[in-house]
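Take a look at the structure set out below.
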Amino acid sequence: MPDALRPASPWRPDRFDARKPFLLARGRILNAVRQWFRAEGFLEVDTPALQVSPGMEPTLTPFETMLEEVDGEARQMGLHTSPEFAMKKLLAAGAGPIFQIAHVFRNGERSATHHPEFSMLEWYRPDSGWRAIADDACTLIRVAAKAAHPLTPLPGFAPNASVEHLSVKAAFEVAMGFNPMPIQNDIAAIRTATETAGIRTAPDDGWDDIFFRGLLNRIEPSLGAAAPVVLHSYPARMAALARLDPADPLVAERFEVFAGGMELANGFGELTDAAEQRARFEKDQADIRSAGGDRRIDEDFLDALSHGLPESAGAAMGFDRLVMLATGASHINDVLWLPVAEP
């Protein structure tokens, strides 16, 4: 990029001064969030960013590095995309309820609401279900909005408004005209249903690709503009680290919270079956390898599940997005003390 077109460095006084009200509010929100968790009886933890497995989601691209041991041995490692594996090891050790505000890393992500290094608020409640964690997330929106004063939330968003709970099944039936749950292993069926709803698909789209075309184009744009929305009960094939609903094996105990036009949080009723988790990881690993990549499975994490992860629920929230929502900031760079320099 020619120097004349290159953005001014974010440390320059004029750019810093423009962001300073948001940054001061960020500090107030951080303190308020910590106080809320402590009042709820949570222990704050701090786990390493350097991990054997930075995460197993095929849709995420981690930052990779080499760990050189003192004996000269070198091992492939990664910067975590979430502190989930490490925090669940602590749950297995008996540390919960716990929370953490961690820097996490996702390569290839940069937009008004994405940054390659960002802050994630993650927390776990033993002996709780996913609905309790979803309630936590919506409460934290109100906590952040109060702490942000005199700054105000994004225009039109009311943090104290009633929370809407919406199942994925109901959302698809209204917006797309079909229920994806019974056809979640039938790519021809979801392709036909999606194209009948007026959304084009590509010949090489997989089932999940087609599902997300409908979700991103017809459902998400209308979620959470005025008040928080909890979108819950995702297809079982998208369970990730969530357990399946005991009342409906086609559904996973997975939810997302939308607010101010953003996906703000993602949570689970946690899977505690190590054998089932291994099978899911091996499928993820195969998918990653078929796309030309590779990812190691964290055997220590699976050992922790075998040792005994308590029945629990947890969630991860984009802390920077929470600050954006509470302060009315239009770009994630506005709420970062020093954004990663753009090229």
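The values are calculated or read from the model by the stated rules, or taken from the named source; none is laboratory data. Note that this is a predicted model, so its numbers are computed, not measured. Every residue, glycine among them, receives a Cβ derived from its backbone with ideal geometry; neighbour counts consider all protein chains shown.
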* To do: May I ask you to verify whether ASP71 is free of Cβ contacts under 8 Å to residues at least 24 places away in the same chain and either in contact with an Asp or Glu (Cβ under 8 Å, 6 or more places away or on another chain) or outside any loop (DSSP other than H, G, I, E, B) (or both)?
  => no
* To do: Please enumerate the residues belonging to region 298-343 that are farther than 29 Å from ALA92 by Cβ, out of contact with any Pro (no Cβ under 6 Å at 6 or more places or on another chain) and of a type in the set (S, T, N, Q).
  => THR327, SER330
* **For ARG191: the one exception among (1) touching a residue at least 12 places away in the same chain (Cβ under 8 Å); (2) of a type in the set (D, E, K, R); (3) closer than 18 Å to LEU231 by Cβ** => (3)
* On the given criteria, is HIS307 loosely packed, with under 12 Cβ neighbours inside 10 Å and either on the phi > 0 side of the Ramachandran plot or not aliphatic (A, V, I, L, M) (or both)? -> yes
* Asked: Residues ALA188, ALA145, ALA202: which one is under 27 Å from LEU30 (Cα atoms) and not acidic (Asp, Glu)?
  -> ALA145
* State whether the residues of region 207-229 include one that is in a strand (DSSP E or B), of a type outside the set (Phe, Trp, Tyr) and either surrounded by 18 or more Cβ atoms within 10 Å (Cβ to Cβ) or at pLDDT below 95 (or both). => yes
* To do: Scan region 327-343 residue by residue and report those that are under 21 Å from the mean Cα position of the chain (by Cα), aliphatic (A, V, I, L, M), modelled with pLDDT of 90 or more and part of a loop (DSSP other than H, G, I, E, B).
  => ALA329, LEU336
* **Residue within region 230-245 that is modelled with pLDDT of 95 or more, part of a helix (DSSP H, G or I), within 16 Å of TRP130 (Cβ to Cβ) and among the small types (Gly, Ala, Ser) present** => yes
* Does GLY269 satisfy the criteria of being among the small types (Gly, Ala, Ser), surrounded by 17 or more Cβ atoms within 10 Å (Cβ to Cβ) and at pLDDT below 95? -> no
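Residues that are touching a residue at least 60 places away in the same chain (Cβ under 8 Å), aliphatic (A, V, I, L, M) and more than 20 Å from ALA161 (Cβ to Cβ): does region 250-265 have at least one?
Yes: region 250-265 contains one or more residues that are touching a residue at least 60 places away in the same chain (Cβ under 8 Å), aliphatic (A, V, I, L, M) and more than 20 Å from ALA161 (Cβ to Cβ).
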* Considering region 19-63 alone, what residues qualify as being out of contact with any strand residue (DSSP E or B) (no Cβ under 8 Å at 6 or more places or on another chain), farther than 22 Å from SER330 by Cβ, surrounded by fewer than 17 Cβ atoms within 10 Å (Cβ to Cβ) and at pLDDT 95 or above? -> ASN31, GLN35, ALA39, GLU40, GLY41, PRO48
